[in-house]
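Trainee: Okay, here's the structure, questions in a sec.
The values are calculated or read from the model by the stated rules, or taken from the named source; none is laboratory data. Keep in mind that this is a model prediction, so the values were computed, not measured. Quick reminder, even Gly has a Cβ in these numbers, built from the backbone with ideal geometry, and neighbours come from all protein chains shown. These accessible areas exclude ligands, DNA and RNA; they are computed on the full protein's heavy atoms, side chains included. Shrake-Rupley method; radii C 1.70, N 1.55, O 1.52, S 1.80 Å.
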Amino acid sequence: MTTAVDHYDRFLAEHYTWMLGGDLRALAAAQRAHLLEWGVVPGPAGSTAVDLGCGPGHTSLALAGLGFDPVFAVDLSEPLLDELAAHATGTPEVRPVRADVRTALPELVRPGSVGAVVCLGDTLTHLPTRGAVAALCADVAAALAPEGTAVFAYRDLTIPLTGTDRFLPVRSTEDRIMTCFLEYPDDFDAYTVVVHDLVHTRDPASGDWSLNAHSYRKLRLSHAWVLERFRGAGLRVVHERGGPGGMRTVVLKRAS
């Protein structure tokens, strides 16, 4: 079983933008609209933003498009950071940083200086322990300026799926099909879920299909537990919404 970093570098990075829809600029435009809806704009808190677990960078580009400068785009996956750098040509506000999200904030910014911190793409569940999640929440609260905003998105995977419900279609095109399969091992009880990513690709010359599969563990975090960690860190919820597959998006401010 590999870590999330290994899983992305060795397997998922080459499929990630395709998995999201394939058009990074369109993804950035959609994300910009969401951030604007949630009130994530430069203002009294300043214009520095940090994108934790930035992936190929559509959210970093969205933050830059809203006027944040600089935007620190943090990830440990070199292939995804390389993809971001290619798309960010001409957008000097975006600064790719290869770093662990668990240590990035104290290394990059002064306490109380950040206008926005975003941690999307299920990054929270990629951390190794729940203690690391709580510590990251505290780091985000410490980094935010008094009027700053944080946005987290994560999946609540605490309710096990059964039978064929464990097979989750991700995306399919004429030459590529991706499916996710979830497994709930006894060795970690209710602490983690094993994610098996299955990608079928078709050879354009022969028309033959081949399967490539890779697996890694993710944390199972209940929404109620994460909300308690936010409150304990000194963050107050100003907006939240649910989505498919247990996805939760939470917008927070520093508690006064």
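Trainee: D187: accessible area at probe 1.4 Å, nearest 10 Å²?
Mentor: 100 Å²
Trainee: Could you give the nm distance between label points at T103 and H214, where each point is 7 Å from its Cα heading toward the beta carbon?
Mentor: Placing both labels 7 Å beyond Cα along the Cβ direction yields 2.3 nm.
Trainee: Under the rule of at least 5 residues apart or a separate chain, name every residue whose amide H is placed under 5 Å from the amide H of T158.
Mentor: L221
Trainee: In a GNM of the chain with a 10 Å cut-off on Cα contacts, which of V195, V101, V71 has the highest mean-square fluctuation?
Mentor: The residue with the greatest mean-square fluctuation here is V195.
Trainee: Can you classify region 89-143 as rounded, prolate or oblate using the Cα gyration tensor, where a ≥ b ≥ c are the square roots of its eigenvalues, rounded means a/c under 1.5, and otherwise it's prolate if a/b beats b/c and oblate if not? Before the final figure, lay out the partial values.
Mentor: Working: a/c = 2.12, a/b = 1.40, b/c = 1.51.
In terms of gyration-tensor shape, oblate.
Trainee: Take the alpha carbon gyration tensor of region 64-207, find the square roots of its eigenvalues, order them as a ≥ b ≥ c, and report rounded if a/c is under 1.5; if not, report prolate when a/b exceeds b/c, else oblate.
Mentor: Oblate.
Trainee: In whole Hz, what ³J(HN,Hα) sequence does region 28-42 give by Karplus (6.51, -1.76, 1.60; θ = phi - 60°), x for Gly and Pro?
Mentor: Rounded to whole hertz, the list is 5, 5, 5, 5, 4, 5, 5, 4, 5, 4, 8, x, 8, 9, x.
Trainee: In whole percent, what relative contact order does region 1-146 give with Cα contacts below 8 Å and a gap of six or more residues? Before the final figure, lay out each step's value.
Mentor: On the way: 232 pairs, mean separation 35.5, N = 146.
About 24 percent, as a whole number.
Trainee: If you average the sequence gap of Cα pairs under 8 Å that are 6 or more apart and divide by the length of region 64-185, what percent do you get for the contact order? Show your work: numbers first, answer last.
Mentor: On the way: 139 pairs, mean separation 24.3, N = 122.
Value for region 64-185: 20 percent.
Trainee: Report ³J(HN,Hα) in whole Hz for each residue of region 88-95, in order, from the Karplus equation J = 6.51 cos²θ - 1.76 cosθ + 1.60 where θ = phi - 60°; Gly and Pro get x.
Mentor: 8, 4, x, 10, x, 5, 7, 10
Trainee: Sticking with this structure for a sec: Please arrange M178, M247 by accessible surface area, largest first, computed with a 1.4 Å probe and ligands excluded.
Mentor: Working: M178 5, M247 40 Å².
Largest to smallest exposure gives the sequence M247, M178.
Trainee: Which ³J(HN,Hα) values, rounded to whole Hz and listed in residue order, are derived for region 243-248 from phi using the Karplus coefficients 6.51, -1.76 and 1.60 in 6.51 cos²θ - 1.76 cosθ + 1.60 with θ = phi - 60°, glycine and proline given as x?
Mentor: Per residue, the Karplus-derived 3J(HN,Hα) values read x, x, x, x, 5, 10 Hz.
Trainee: Subtracting the Cα-Cα distance from 0.36 nm times the residue separation, let me have the gained length for A86 to R25 in nm, one decimal.
Mentor: Values: separation 61, 0.36 × 61 = 21.96 nm, distance 1.20 nm.
20.8 nm is the gain from fully extending A86 to R25.
Trainee: Considering Cα pairs under 8 angstrom that are at least six residues apart, work out the relative contact order of the chain and quote it in whole percent. Don't jump to the answer; show the numbers that get you there.
Mentor: Values: 515 pairs, mean separation 45.2, N = 256.
That works out to 18 percent.
Trainee: Once you list every other residue whose beta carbon is under 9 Å from the beta carbon of V71, what net charge do they have if Lys and Arg are +1 and Asp and Glu are -1? The partial results should precede the final answer.
Mentor: Working: positive: R95; negative: D51, D69, E93.
Local charge sum for V71: -2.
Trainee: Take the solvent-accessible surface of the protein heavy atoms, probe 1.4 Å, and return the percent of it on region 63-212 that carbon and sulfur atoms account for. Can you show the working numbers first?
Mentor: Values: 3720 of 7030 Å².
Solvent-exposed carbon and sulfur of region 63-212 make up 53 percent of the total.
Trainee: Count the net charge of all other residues whose Cβ sits under 12 Å from the Cβ of F230, scoring Lys and Arg as +1 and Asp and Glu as -1. Present the calculation step by step, with values, prior to reporting the outcome.
Mentor: Working: positive: R229, R231, R236, R248, K253, R254; negative: E228, E240.
Cβ neighbours under 12 Å give a net charge of +4.
Trainee: So, R0 is 30 Å and r is the distance between the beta-carbons of R130 and E37; what FRET efficiency does that work out to, to 0.05? Walk me through the numbers on the way to the answer.
Mentor: Numbers: r = 30 Å, r/R0 = 1.00.
Using R0 = 30 Å, I get an efficiency of 0.50.
Trainee: For D189 and M247, what is the calculated FRET efficiency with R₀ set at 25 Å and r taken between the beta-carbons, to the nearest 0.05?
Mentor: On the way: r = 23 Å, r/R0 = 0.93.
Computed FRET efficiency for D189 and M247 comes out at 0.60.
Trainee: Roughly what % antiparallel, to the nearest 5, for the DSSP beta bridges in the chain? List each step's numbers first, then the result.
Mentor: Working: 40 of 59 bridges.
Antiparallel: roughly 70 percent of the beta bridges in the chain.
Trainee: Please list the non-local residues whose amide H lies under 5 Å from the amide H of V170, H modeled 1.01 Å from N, same-chain partners needing a gap of 5 or more.
Mentor: M178, T179, C180
Trainee: Separate question: With every protein chain kept in the model, how would you rank T162, T179, T249 by accessible area, 1.4 Å probe, largest at the top? All intermediate terms of the calculation are to be shown ahead of the outcome.
Mentor: Details: T162 95, T179 35, T249 15 Å².
Most to least solvent-accessible, the answer reads T162, T179, T249.
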